[in-house]
Structure formats: structure tokens, C-alpha cells
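Structure record follows, encoded as C-alpha cells.
The values are calculated or read from the model by the stated rules, or taken from the named source; none is laboratory data. What you see is a predicted model, and the numbers here were worked out from it, not measured in a lab. Neighbour counts run over all protein chains shown; Cβ positions are idealised from the backbone, glycine included. In case anyone asks, the SASA skips ligands and DNA or RNA and just uses the protein heavy atoms, side chains included. Shrake-Rupley method; radii C 1.70, N 1.55, O 1.52, S 1.80 Å.
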Amino acid sequence: MTPKLLLAIESSCDETAAAVLGDDLSVRSNIVLSQDEIHAPYGGVVPELASRQHIRSIAPVVRESLAAAGVGLDEIDRFAVTQGPGLIGSLLVGLSFAKGLAYYYAKPLIGIDHVQAHIEAVALERARIEYPALALIVSGGHTSLYLLKEKLSYALAGRTRDDAAGEALDKIAKFLGLGYPGGPVIQRLGEAGDPSRFEFALPRMSDRSLDFSFSGLKTAALRIIRENGVTKEAANLADFLASFESAVVRALLGNFFRGADELDPKTLILCGGVARNKRLRMEFERRARAAGLSALVPSPKLCTDNAAMVGALAWARIGAGSGSGTDAGPVLDLDAYPRL
Ligand code: KG4
Ligand code: ZN
């Protein structure tokens, strides 16, 4: 029997993405068009520019995903789209486009949560997830810990009270004039640096919750920059970046593994754009091995925003019996949500 095909669309932030997936989770195509160049001069995503660019890119990206998969729109059985959280103007572009397709072709459209999709990225690589699982999603917009007691059940166990980890990396890179996105630049320029050269005190929640905070680390970074004359050209740049990156990694994993102690999961999942970071991946795997826990991280290209992860979650939800109908009502009722 030929597998059923799903077209997934993602436009929640600054990547326009479309993917075609079979119901066996085979990825037929996974096209991501980044807007990094557009936002780089501003050191961060400019929402108005992002949504305007999505409008320009969405049709070519969808067309390319179909061409790369070698299928036509009339062969697509289902549509899926990111509903939120994200930038509202950006979300609406993908959502409206997907609604149009589902309505015209009279096929079901399923709305997908972006954060949950990041977690589901591990399923694309045939990972066996044993439940309960504890997932840390860490990106430019989110730093959250979710406990999944079973498949598709998400309980928020901790979240950032201020900046997301990626946002802190992006802001420090912007301050030093290193470019956008900050995470990859900091990784590259700090690679040969000494991570123990500059000391950072790690945040600690007074209420012992599993929440994160990165504003203190950001303030400490700005103080160290000022006191030690760190600049783009200075000889101590690599040491500073390695020390800062390492502090962010310790802050993330400290909380993650404290959560693992308290919540006793069988599997740990690390995902989101910042999970591309080499230091974070290595340290995560080392600590999970030491704790005797199974550690899953998507391959780097599936960590940053993409539509294959949206498709993976859509198939999982369809398998579990959800998905909106083919009649105009449910398809057109789907609404975007900017926040959880
Ligand atoms: O998941 P994502 O593509 O978008 C959001 O949902 O936010 O994540 C983007 C974030 C940015 O903050 C970027 O600096 C960070 O991921 N990032 C990295 C690396 N690659 C991307 N952070 C650290 N190291 C990297 N190699
Ligand atoms: Zn994301």
C-alpha cells in the first residue's frame, strides 16, 4: 500500500519551512528558508520584517518541498501547520496559506504546537522514547522543561522567568557586534577559548522551582566585558565566549538534571535551536551516561526550526485519533496563538 502523504508548514519565527512526510515518518523533503540575513543588521528578529518575508517565501518554499518530494498537491492527503506559540504575524502567514490549501483540496488540516514539535523531532530519527520522558526545549524564544508521562501528554515542569537561553546568547553577540544568530558565532569564535578563564555565578531559584533565569548571566557577562575590556578584536574574546557559553550550558543542564532527579524520567530529550551547540550536546550526553539515563538529541539540522518536526507531531496526533475535519468549519476555525 502506498503511504499517505502529509504537507507540513512552519512559519512561527524567522524560518519559512515546508516538508512532505509519509505516514511511516519518512521525510520526502524538508525545505527551510532562513531569514538570518534580513535580521542580522538588527541583531535579532524584527517581527514586521519577518512576516513580510514569510509572505514572499511561503509559496516558493511549499512548491520546492513538493518538487523535492516528487509529488503534486493533489497527492497530499493531509495538511499540518504550526499554530503557535510564535510571532503572531509570522504564524498567520503559514496558517492562512495552509488553510487555503486544505480548504481548496478538501483535506484535513491539523494545527501543531511549535514547542511540542521541537520535542517530536527525535521521532524522525527512529529514536525509541521510553516514558516518562523529560524534555528540555531550548531556543531563541523558549527555554522550558516538559514532563511527558506518556506519548503526547505534556506537563510544564519549568520555564524561563526572563530571557530564553538562545536570546541571551543572541543579545551578548549583538552587544559585541558579532552578528546574528549569536549562538553559532559564539560557538565558533569561542571554540579555542578557555572556558574557565572568566567565572560566572549560576542563577538559583529561591523557591527551588525548576524555572530558569538568564538575565543574571547576561548582566554578569556585560560586567565582565566592561571590567576586562572584552571587544570583538581583543585577545581575550575567545576565552570570554567560551566561559559565557559554558556558563549557559551549566545553567541549562544543572536544572535539567535536578529535574531528572526529582521527576525520575526514563528518557531525557534535548531539543530546540540551542541544542545544536556542541558543548551542550557533549556535556548533556556525558551527564546522562553518568546518570544511567537514555539521552536523545535530534541531529543538528532538526534542532533549529523546520517543518519535518511539525509533520512528525501531526502524524503522531493523527495516529492517536486527532485532527480537524475536511468540512469548511473546522479547517477555517483554526486560529494562531502567540503564547502558551
Ligand atoms: O529553534 P530555533 O531555530 O528558533 C526558535 O524557536 O527560537 O532556535 C534559534 C536559536 C537562536 O537563539 C540561535 O542563536 C540558537 O538557536 N542557536 C545556537 C546554535 N545554533 C543556533 N545556540 C548555540 N549554539 C549553536 N550552535
Ligand atoms: Zn523553534
> Mind checking which residues of the range 286-312 are more than 16 Å from ligand 2 (Cβ to nearest atom) and touching a Leu at 6+ places or on another chain (Cβ under 9 Å)?
Replying inline: 287, 288, 291, 293, 294, 295, 296
> Out of all the residues in the range 105-141, which are within 12 Å of ligand 1 (Cβ to nearest atom) and either in contact with a Phe, Trp or Tyr (Cβ under 6 Å, 6 or more places away or on another chain) or more than 21 Å from residue 93 (Cα to Cα) (or both)?
Replying inline: 119, 121, 137, 138, 139
>> Looking only at the range 44-93, how many residues end up being more than 25 Å from residue 165 (Cβ to Cβ) and touching a residue at least 60 places away in the same chain (Cβ under 8 Å)?
In response: 13
> Restricting the range 214-254 to residues that are assigned to a helix (DSSP H, G or I), basic (Lys, Arg) and more than 20 Å from residue 281 (Cα to Cα), which is least open to solvent (accessible area, probe 1.4 Å)?
Replying inline: 218
>> Of everything in the range 87-125, what is among the charged types (D, E, K, R), open to solvent by 40 Å² or more (accessible area, probe 1.4 Å) and under 19 Å from the mean Cα position of the chain (by Cα)? Give them in sequence order.
In response: 125
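Can you name the residue in the range 260-281 that is part of a helix (DSSP H, G or I) and among the charged types (D, E, K, R) and is also surrounded by the fewest Cβ atoms within 10 Å (Cβ to Cβ) among such residues?
By that ranking, first place goes to 261.
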> When the residues of the range 301-339 are filtered to those that are within 16 Å of ligand 1 (Cβ to nearest atom) and in contact with a Gly (Cβ under 8 Å, 6 or more places away or on another chain), which remaining residue is modelled with the lowest pLDDT?
Replying inline: 339
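When the residues of the range 287-300 are narrowed to those that are touching a residue at least 12 places away in the same chain (Cβ under 8 Å) and part of a helix (DSSP H, G or I), which ends up nearest to ligand 1 (Cβ to nearest atom)?
Checking each candidate, the answer is 300.
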> Going through the range 142-195 one residue at a time, which ones are touching an Asp or Glu at 6+ places or on another chain (Cβ under 9 Å), surrounded by fewer than 23 Cβ atoms within 10 Å (Cβ to Cβ) and part of a helix (DSSP H, G or I)?
Replying inline: 171, 187, 190
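In the range 287-307, what residues are surrounded by fewer than 21 Cβ atoms within 10 Å (Cβ to Cβ) and out of contact with any strand residue (DSSP E or B) (no Cβ under 6 Å at 6 or more places or on another chain)?
Keep residues of the range 287-307 that are surrounded by fewer than 21 Cβ atoms within 10 Å (Cβ to Cβ), which gives 287, 289-295, 299-301.
The answer is 287, 289, 290, 291, 292, 299, 300, 301.
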> Do you know which residues across the range 308-325 are in contact with a Pro (Cβ under 6 Å, 6 or more places away or on another chain) and either surrounded by 23 or more Cβ atoms within 10 Å (Cβ to Cβ) or at positive phi (or both)?
Replying inline: 323
>> Here is a list: 257, 284. Which entry is open to solvent by 10 Å² or more (accessible area, probe 1.4 Å), in the same structural domain as residue 135 (by TED's automatic domain parsing) and part of a helix (DSSP H, G or I)?
In response: 257
